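The values are calculated or read from the model by the stated rules, or taken from the named source; none is laboratory data. Computed from a prediction, not measured in an experiment: that's the story for all the values here. Here the Cβ is made from the backbone with ideal geometry for all residues, glycine too, and neighbour counts use every protein chain on show. Just so you know, the surface numbers come from the protein's heavy atoms only, side chains and all, with ligands and any DNA or RNA stripped out. Shrake-Rupley method; radii C 1.70, N 1.55, O 1.52, S 1.80 Å.
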Amino acid sequence: ICGICPVSHLLCAAKTGDKILAVEIPIAAQKLRRLMNLGQITQSHALSFFHLSSPDFLLGWDSDPGQRNIFGLIASDPELARQGIRLRQFGQKIIELLGAKKIHPAWSVPGGVRSPLPEEGRAWIRERLPESYQTIHTALALFKELLERFSTEVANFGEFPSLFMGLVGKDGLWEHYGGHIRFTDSQGNIVADNLREEDYQDYIGESVEKWSYLKFPYYKPLGYPEGIYRVGPLARLNVCSRFGTPGADGELREYRDRVGGVATSSFYYHYARLVEILGALEGIEALIEDGDIVSHRTRAQGGINALEGVGVSEAPRGTLFHHYHVDEDGLIEKVNLIIVTGNNNLAMNKTVAQIAKHCIHGHDIPEGMLNRVEAGIRCYDPCLSCSTHTAGQMP
């Protein structure tokens, strides 16, 4: 489905398959799936921050578009670029160590996973963790320093009230794989909690517009389009109470102090991604010391015990739903997916309009203004960042 976040779809598909088999997967498989997802979050967030967004931050919104990319960043700050590339490589290598491939690893399956983490993989992760920690601390310090220059972007890159949706664990713990769904508002109030993925059609509606192929999900009790909500790093940090790891909890407290409690500007997605990378690294460190991840009891066997299943998982970009109907032989008859870019669709469109209204004065639309619109979309890091490209000049 997606080449930039294949792990997210594979895990969500496998969780949906678990429901159709009606099995409880082994604890080793749960922890191994979590490990792969943390590797995916790390590599994807590193790609978003260092490769796609930092050229804007460090080279300028109006800089030469021929240089405003990862290659320009390499020329401007080769050490930072190298650190970003290696941090992404760290996450990708975890995926490869588990699934034998970095992209589309056929590893997470209904009932569990195909294989445990090899001991040599554990050793490699241990060896590279200190460097990865150093890189994320460098990036956090850099972005906090840069934030002082970006008050205009904070005020105009998707600054509006909305709901926020994400998974949370027990007592509101930050979650990326299990837990339950929670909605909060722009004041931090819990709007709905303990929601099950099986009931998603009770609280999420899906509208369509004639001018777009993408669906427009909304929170049903508020109707369309008033039920606008956001998902992803910004939303996860808004809906959770804490990470449960010391470094990320400290950064979360500072993040909330800096953004004013609840982050309502989509520009803060970048900051939230960095906090999540630190939390992911701490989660990876804890998991590789867990004896369960080398257990060979990684898969529960079962047949077709249910003809319908709904799975949910947190992709790096936000909450992802898979809904399958199958026949008695397990052949899929009907599928509904609510992908993250869809969940953020209303918010992304509102962000584009807000930036355009702020930046366009008269008939001339300079390239730097168009780049600011692109940068507003890059806040959300949508699937569109890899699925659509323009050859030559932007239309």
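For region 63-158, the list of trypsin sites (Lys or Arg not before Pro) that fall in a loop by DSSP and count at most 11 other C-beta atoms within 10 angstrom reads R149. Measuring against 22 Å, Cα to Cα, the residue pairs K19/K334; K31/K144; K93/K215 contain K31/K144; K93/K215 as the ones spanning a longer distance.
Summed over the residues of the chain and divided among them, the accessible surface reaches 42 Å² per residue at a probe radius of 1.4 Å.
Of the trypsin sites (Lys or Arg not before Pro) found in region 191-234, those in coil by DSSP whose Cβ has at most 11 other Cβ atoms within 10 Å are K210. Which of [x] 1.03; [y] 1.10; [z] 0.96 is the computed Rg/Rh (Cα atoms, Kirkwood Rh) for the structure on display? From the options [x] 1.03; [y] 1.10; [z] 0.96, the structure gives [z].
When peptides 275-283, 343-351, 241-249 are ranked by their average number of other Cβ atoms within 10 Å per residue, the highest-first order is 275-283, 343-351, 241-249.
Taking all protein chains as they are arranged and a probe of 1.4 Å, the heavy atoms of I103 leave approximately 90 Å² accessible to solvent.
Between region 65-81 and region 189-258, the C-alpha centres lie 34 angstrom from each other. Applying the criteria of a DSSP loop state and at most 16 other Cβ atoms within 10 Å to the trypsin sites (Lys or Arg not before Pro) of region 256-285 yields no site. The charge dipole of the chain, taken about its Cα centre with unit charges on the Cβ atoms of Lys, Arg (+1), Asp and Glu (-1) only, comes to about 300 debye. Considering only V312, S8, G250, and ranking their Cα positions along the charge dipole of the chain that arises from unit charges at the beta-carbon of Lys, Arg, Asp and Glu, the one farthest toward the positive end is S8.
Coupling constants for region 24-34 follow from the phi torsions by the Karplus curve (6.51 cos²θ - 1.76 cosθ + 1.60, θ = phi - 60°), and in residue order they are 9, 6, x, 4, 4, 5, 4, 5, 5, 4, 4 Hz; glycine and proline get x. Going by the alpha-carbon gyration tensor, a ≥ b ≥ c the square roots of its eigenvalues, is region 227-362 rounded (a/c under 1.5) or, if a/c is not under 1.5, prolate (a/b greater than b/c) versus oblate? Taking the square roots of the gyration eigenvalues as a ≥ b ≥ c, region 227-362 is oblate.
Think of each Lys and Arg Cβ as +1 and each Asp and Glu Cβ as -1; about the Cα centre, that makes the dipole of region 88-178 roughly 400 debye. A dipole drawn for region 18-112 from +1 and -1 charges on Cβ atoms has a positive end, and of A28, L97, L52 the residue lying farthest that way is A28.
Protein-only accessible surface at a 1.4 angstrom probe places the residues W174, W124, W211 in the order W211, W124, W174, largest first.
Within straight-line reach of K350, meaning a Cα separation under 18 Å, sit the following aspartates and glutamates at least 8 residues removed in sequence or on another chain: E153, E159, D185, E206, E209, E226, E374, D381.
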